[in-house]
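One structure is given here, and the rest of the page talks about it.
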Amino acid sequence: MAGGRPGGFKPERQHWRSNATMRTGAAGLPGSSNFDQQCIEAEIGAADDLEQAAYERAVIGWEEPVYHRGELVGQIRKFSDSLLLTLLKGAKPEKYRDTAKVAVTIGDDIMQRLNAGRARVGLCIG
């Protein structure tokens, strides 16, 4: 038992083991190459399921009931903008990633002091 945990999994990841058994019919003990491979496949499958659920909430949306004076009068379709943005960042990171550019100009005096300090501690000055 790794780290005193059943199956060697962290407590928050125990569901992957049961997922592996359900998805792949994995049997046996953790540590065997067959079981470990099936757990990896189950994790990939679960991640695909999560991605599909995120897509559905972001793009397809979900229906929520609308009430007026306690009476159901209809439904409204809602979408998750934050999930949509997350999916865009994953699909096209070059376009949608969070970017920050920092430009710093260091004066000669500061560079000389920095290099002197590096020399004192034996760092290479390049």
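A short reminder: the numbers here are calculations on the coordinates, not readings from a lab. No experiment lies behind these values; they were computed from the predicted model shown. Backbone-built Cβ (ideal geometry, glycine too); neighbour counts: all protein chains shown.
Order of 76-84, 51-59, 105-113 by packing, highest average Cβ count within 10 Å first?
Ranking, from highest mean packing down: 51-59, 76-84, 105-113.
Could you give the nm distance between label points at Leu50 and Arg118, where each point is 7 Å from its Cα heading toward the beta carbon?
Each label point lies 7 Å from its Cα, and together they span 4.2 nm.
Take the Cβ-Cβ distance between Ile40 and Ile60 as r, set R0 to 22 Å, and report the resulting FRET efficiency rounded to the nearest 0.05.
Given R0 = 22 Å and the Cβ-Cβ separation, E is 0.15.
In whole Hz, what ³J(HN,Hα) sequence does region 42-47 give by Karplus (6.51, -1.76, 1.60; θ = phi - 60°), x for Gly and Pro?
With the stated coefficients, region 42-47 comes to 5, 4, 5, x, 5, 5 Hz.
With a 10 Å Cβ neighbour count serving as the proxy for reagent exposure, in which order, fewest first, do Leu88, Leu50 appear?
Leu50, Leu88
Hey, rough spin-label estimate for Ile76 and Ile110, points 7 angstrom out along Cα→Cβ, what's it come to in nanometres?
5.1 nm
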